[in-house]
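Here the structure comes first, spelled out in structure tokens, and everything after it is commentary.
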Amino acid sequence: MMLISNTVPYKGLTDRLPVILGGIILMLLLITLMEPSVVRTVTVDQKARDFLVIVDTSRSMRHDANVRRDTVELKYARRAGTFASNVDDPSKLPLLARYELARESLLSFLAQRRAQDRVGMIYFNDNVFTMSAPTANIDFVTEQLGAMDDYVNWGTDIALAMQTGLNLLERYPQQNKKAIILLTDAEAAYTKEVETQLARVASMDISFYLLWITTDEKDMSNEEITKFLDYARSVGTVITLESLDAKNMEDSLRDIGMLEDYSYKEARRQKLNLAQPFLDVARYLVLLWLLLVATIFHPGNDRNLFKRGNI
């Protein structure tokens, strides 16, 4: 570049083109090393969902459902000696337990999820057990259903389960629309803590579905349960399973999937790396620069662009 600058007799832009291009190339390389970027917001059509399934595994979920064991082919068999006293072979129990029927229905629900959906799973009784954070690995979530037997015991802390679930969703802030499915027989006292967590559901713009297992919907003698159900209806949808059988829970879960199967506009923030475009421009300019200094601006050519005495 110094040789060309010293030998070119004129000082016009055309005469100094290699020097100008060289300066531009160096500037572009410096910008590339700075790794510039911009963040933009794009709107896309989306159907993917994040489902969080919260399953009641309290002692009351051992109660019998209205389904004979010999009429259903189970993927996961009830474990021997888990909580059936004096019964070493659970296959001899004539009826399925509530939790067994819930497990089989959830298997069908998981199988219906699209590839982009994510599912998380929580079990709760007196304590809360996070079996899976929201994940697209549905096979992993399915495996967690096989371990449900070990968690079916003790009481029903709905407030703690909801709090844990909402905290979990806050730690996974992907842009997908979120839905919570709470499956319980609601045989527990209603508390202000439950109301607080349901209020969080409304404030976080999360779809909420309560699958309520009961033996008699008309028997609302428990005032606390009535309050719980009324508040749940104010923030979401309550589906009553009055006589749990082989189809009504599975159908309810399928209906939830259909209700959530709508398109929505999703705003996503995208970070664009500008270093590569600057580098690409620099590459093309280097080729142009080499072409110029090897031809038109070569000091050894026969054209009258150079002072012969300075070469």
- Using only Cα atoms, tell me the angle between helix 223-235 and the longest principal axis of the chain; keep it within 0 to 90° and round to the nearest 10. 30 degrees
- Task: Wrap a convex hull around the Cα atoms of segment 112-161, take a quarter of its surface area, and give that in square nanometres.
- Result: 3.8 nm²
- Query: How much FRET efficiency would the formula 1/(1 + (r/R0)^6) give for Glu73 and Thr135, where r is the Cβ-Cβ distance and R0 is 22 Å, rounded to 0.05?
  - Reply: 0.20
- Note on the structure: Under 15 Å between C-alpha atoms, the lysine pairs in segment 44-267 lying 8 or more places apart or on different chains count 7
- Please report, largest first and rounded to whole Å, the three semi-axes of the ellipsoid equivalent to the chain, where each semi-axis is the square root of five times an eigenvalue of the C-alpha gyration tensor. 71, 20, 15
- Item | Gyration tensor (Cα) of segment 68-148, equivalent ellipsoid semi-axes in angstrom | 26, 16, 9
- Give the Debye-formula value of log10 I(q)/I(0) at each listed q (0.27 Å⁻¹), with one equal scatterer per alpha carbon of segment 22-81, two decimals each. -1.22
- Helix 192-203 versus the longest principal axis of the chain: what is the Cα-based angle in degrees, 0 to 90, to the nearest 10? 40 degrees
- Relative contact order (percent) for the chain, with alpha-carbon contacts under 8 angstrom and 6 or more residues of separation? 30 percent
- Message: Can you compute the charge dipole magnitude of segment 44-267 about its Cα centre, using +1 on each Lys and Arg Cβ and -1 on each Asp and Glu Cβ, nothing else charged? Give it in debye, rounded to the nearest 20.
- Response: 520 debye
- Item | Farthest toward positive dipole pole in segment 44-267 [+1 Lys/Arg, -1 Asp/Glu at C-beta], among Thr156, Asn222, Gln112 | Gln112
- Using a Förster distance of 25 Å, how high is the FRET efficiency between Gln270 and Thr237, based on the Cβ-Cβ distance and rounded to 0.05? 0.15
- Query: For Tyr231, Tyr264, what ranking results if the residue with the fewest other Cβ atoms within 10 Å of its Cβ goes first?
  - Reply: Tyr264, Tyr231
- With 0.36 nm assigned to each residue of separation and the Cα-Cα distance removed, Met204 to Lys227 gains 6.1 nm
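The numbers here are math on the coordinates, done by the rules we state, and not lab data. Given the structure is predicted, the values throughout are model-derived calculations rather than measurements. Reconstructed Cβ throughout: ideal geometry from the backbone, glycine too, with neighbour counts over all protein chains shown.
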